[in-house]
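Just so it is clear, none of the values below were taken in a lab; they were calculated from the coordinates. Please read all numbers here as calculations on a predicted model, not as lab measurements. So basically every Cβ, Gly included, is an ideal-geometry build from the backbone, and we count neighbours across all protein chains shown.
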């Protein structure tokens with residue numbers, strides 16, 4: 001039960017994480033306290049300036065690509081679609097440096113799918129394949145791009161052995177990502193936790209699969225990608241699972257859910273993921289258990305408050 005100055009009520013039924021006391025505790029974490037964490041390998045930082053935030057993301061990606069080239073090894077990365085501004089910045093640096101991506105292998109986290117599990121084609125404007133090809137790889141000069149078969153997406157045809165393909169390359173060097181409104185990582189949604197009956201270790205071993213999107217994800221993505229039109233958001237998606245995320249040698253997560261004007265949908269879930277209990281009903285919370293950089297845009301770090309102005 002939630003209690004707010006004498007008003008007591010239960011959480012809405014569609015919310016999978018039911019620990020109201022934990023919610024109350026993390027809600028009270030101030031901006032000044034947010035970057036403190038008991039696990040020194042879970043590194044939380046706040047970047048106030050959006051331009052600096054996306055530049056840091058781009059520099060991290062390019063730096064890892066460059067280091068792998070200099071060390072004469074392949075580079076394997078799991079990549080998200082959102083946020084997108086960092087990819088244009090990364091492509092610009094790659095072109096300026098004439099940095100070949102011949103050694104780069106990428107696996108996108110997810111792709112939208114129909115109710116029957118057919119993934120969106122690149123011709124559909126909302127396709128993650130289209131977004132990555134248009135807004136990252138297509139901006140890299142052709143001579144510098146990775147071979148086409150080294151840019152992978154979890155399409156209907158690829159899903160069955162998607163996890164195995166990552167593992168065949170020795171696992172990912174890094175998994176980039178963000179946090180969804182329900183706490184999802186990739187499209188690994190909060191309601192999937194019900195399948196594991198409290199067995200967190202089995203949960204961590206779950207791999208790529210087709211999932212039904214959580215109502216909060218439908219609304220979140222309608223808000224930031226589909227002009228607020230929830231009827232435009234597909235009902236399902238193919239996604240990697242906890243196995244691929246925790247199997248990467250490092251995790252780099254970036255939270256930019258700031259709508260401006262003092263409004264951010266991500267303030268509470270950023271805190272619950274980073275400072276709440278590790279729970280299969282808050283998928284992103286597993287990041288607390290592994291080396292992770294957790295970078296928060298300034299407006300997302302602000303205190304969680306009721307504002308009826």
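What does DSSP give for segment 1-138 in terms of the percent of beta bridges that are antiparallel, rounded to the nearest 5? Numbers along the way, then the final one.
Working: 4 of 9 bridges.
Restricted to segment 1-138, the bridges split so that about 45 percent are antiparallel.
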Problem - Paramagnetic reach from residue 114 (point 7 Å along Cα→Cβ, amide N under 19 Å) across segment 192-228 - result: 210-213
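How much length, in nm to one decimal, is gained on full extension between residue 102 and residue 249, taken as 0.36 nm per residue of separation minus their Cα-Cα distance? Mind dumping the intermediate values first?
Numbers: separation 147, 0.36 × 147 = 52.92 nm, distance 2.08 nm.
That pair, residue 102 and residue 249, stretches by 50.8 nm at full extension.
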Problem - Contact order normalised by residue count of the chain, Cα under 8 Å, 6+ apart, percent - result: 24
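For residue 222 and residue 31, FRET efficiency with R0 = 30 Å and r from the beta-carbon atoms, rounded to 0.05? Present the calculation step by step, with values, prior to reporting the outcome.
Working: r = 28 Å, r/R0 = 0.94.
Efficiency at R0 = 30 Å is approximately 0.60.
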Completion exercise
Listed with the fewest Cβ neighbours within 10 Å leading, 175, 182 appear as 182, 175
Exercise for the section: In whole angstrom, note down how far apart the Cα centers of segment 1-59 and segment 281-302 are. Expected result: 8
Exercise for the section: For every helix of n ≥ 4 consecutive DSSP H residues, a contribution of -39,500 (n - 2.57) applies; sum these over the chain, divide by its total residues, and give [θ] at 222 nm rounded to the nearest 500 deg cm²/dmol. Expected result: -8500 deg cm²/dmol
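For residue 143 and residue 165, what is the calculated FRET efficiency with R₀ set at 30 Å and r taken between the beta-carbons, to the nearest 0.05? Let's see the in-between values first.
Details: r = 26 Å, r/R0 = 0.86.
FRET efficiency, residue 143 to residue 165: 0.70.
In what order do 286, 240, 179 fall by count of nearby beta-carbon atoms within 10 Å, going from fewest to most? Walk me through the numbers before you get to the answer.
Values: 286 22, 240 30, 179 26.
Ascending number of Cβ neighbours within 10 Å: 286, 179, 240.
Give the calculated FRET efficiency between residue 39 and residue 194 to the nearest 0.05, with a Förster radius of 30 Å applied to their Cβ-Cβ distance. Please list the in-between numbers first.
Working: r = 27 Å, r/R0 = 0.89.
E(calc), rounded to 0.05, equals 0.65.
Once you have the Cα-Cα distance between residue 263 and residue 59, take 0.36 nm times their residue separation minus that, and quote the gain in nm to one decimal.
Values: separation 204, 0.36 × 204 = 73.44 nm, distance 2.74 nm.
Full-extension gain reported as 70.7 nm.
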Handout entry: Exposure proxy ranking, count of Cβ atoms within 10 Å, fewest first, for 7, 75
Key = 7, 75
